[in-house]
Amino acid sequence: MAVEPNRSITVTGVGTASVTPDAVRISASVSSLSATNKDALSQASTAANSVRDFLKKSGISTKDYKTSSLSVYPEYNYTQDKGSVLAGYRATQSFSITIRKADTAGSIVDGMVAAGGDAVQINNVVPFLTSGTASTEQARAAAVADAKARANSYAKLLGVKLGRVITISEVSAPIYTFPSVAADKVSTMASTQIDLGEQDVTVTITVNWSLG
């Protein structure tokens with residue numbers, strides 16, 4: 001008597017959940033050009049300290065901002081008749097700052113610029129989620145529903161019944177897609193507004209069902 005082979009179907013399900021970011025990461029720097037290395041670094045440090053003082057007064061924890069780079073180097077201007085001419089020495093210190101209350105990010109940007117003056121540059125602003133647990137669960141639920149709908153569709157087309165789940169695997173870690181906002185120019189005529197948009201959390205799974 002021939003043994004009927006085990007029959008199964010494997011499908012991929014994709015689920016996405018959208019959520020508003022609750023925090024913002026700011027990339028900023030202070031830069032100064034002076035006649036000597038020492039003066040350039042001193043001026044940049046003064047501006048950086050003013051920014052730090054503002055952040056502390058604004059309730060930003062010291063664990064939420066860090067120096068990402070520090071450099072001092074000669075800067076040259078090029079002219080056709082003289083070639084490269086030393087313009088001075090450029091000192092730059094860059095920071096990464098996490099703002100855990102997203103709705104205050106715009107005022108923090110304005111305050112940093114006011115504190116450090118023209119030495120401050122806001123290079124990038126990225127809204128993000130501090131915890132994606134709830135949105136990941138929603139995305140997983142959507143992925144399971146998507147996989148089941150696909151499997152049922154194939155089973156119906158083939159004239160068979162969907163049985164029990166044999167295996168399920170998450171293809172990759174949840175993927176977070178978030179908006180990025182450039183803010184290198186800040187107007188002194190109006191308050192800066194950071195548009196948070198929505199962040200998508202995507203989960204992809206593979207499920208194998210038995211067929212009856």
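The values are calculated or read from the model by the stated rules, or taken from the named source; none is laboratory data. A quick note: this is a predicted structure, and the numbers were derived from the prediction, not measured. Because the Cβ atoms are built from the backbone with ideal geometry, glycine has one as well, and the counts that use them run over all protein chains shown.
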Show the residue pairs meeting these rules: Cβ distance below 8 Å; 6+ apart or different chains; first residue within segment 198-212 and among the hydrophobic types (A, V, I, L, M, F, W, C); second residue part of a strand (DSSP E or B) and buried (at least 20 other Cβ atoms within 10 Å of the Cβ). Val201/Ala17; Val203/Gly15; Ile205/Gly13; Ile205/Gly15; Val207/Gly13
Residue among Ala115, Ala105, Ala119, Ala147 that is farther than 26 Å from Thr192 by Cβ and of a type in the set (A, V, I, L, M, F, W, C): Ala147
Lys101 vs (1) surrounded by fewer than 15 Cβ atoms within 10 Å (Cβ to Cβ); (2) in contact (Cβ under 8 Å) with a residue 60 or more places away in the chain; (3) more than 30 Å from Phe128 (Cβ to Cβ): all pass except (3)
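Can you tell me which residues in segment 105-125 are outside any helix (DSSP H, G or I) and either free of Cβ contacts under 8 Å to residues at least 12 places away in the same chain or surrounded by 17 or more Cβ atoms within 10 Å (Cβ to Cβ) (or both)? If you could, list the steps in order and put the result at the bottom.
Step one: list which residues in segment 105-125 are outside any helix (DSSP H, G or I), which gives 120-125.
If the condition is that a residue be outside any helix (DSSP H, G or I) and either free of Cβ contacts under 8 Å to residues at least 12 places away in the same chain or surrounded by 17 or more Cβ atoms within 10 Å (Cβ to Cβ) (or both), then Val120, Gln121, Ile122, Val125 are the ones that fit.
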Which listed residue is in a strand (DSSP E or B) and not acidic (Asp, Glu), from Ser50, Ser96, Ser42: Ser96
Under 6 Å between Cβ atoms, which residue pairs at least 6 apart in sequence (or on different chains) link something in segment 73-90 that is of a type in the set (Val, Ile, Thr) with a partner that is surrounded by 10 or more Cβ atoms within 10 Å (Cβ to Cβ) and in a strand (DSSP E or B)? Val85/Asn77
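Filter segment 15-36 down to residues that are surrounded by fewer than 16 Cβ atoms within 10 Å (Cβ to Cβ) and at pLDDT 95 or above, then give me how many there are.
Taking segment 15-36 as the starting set, the residues that turn out to be surrounded by fewer than 16 Cβ atoms within 10 Å (Cβ to Cβ) are 18, 20, 35-36.
Subsequent filtering for residues that are at pLDDT 95 or above retains 35-36.
Total satisfying the criteria: 2.
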Of the conditions (1) surrounded by 17 or more Cβ atoms within 10 Å (Cβ to Cβ); (2) more than 27 Å from the chain's Cα centre (by Cα); (3) modelled with pLDDT of 95 or more, Ile9 satisfies every one except a single condition; which number is it? (3)
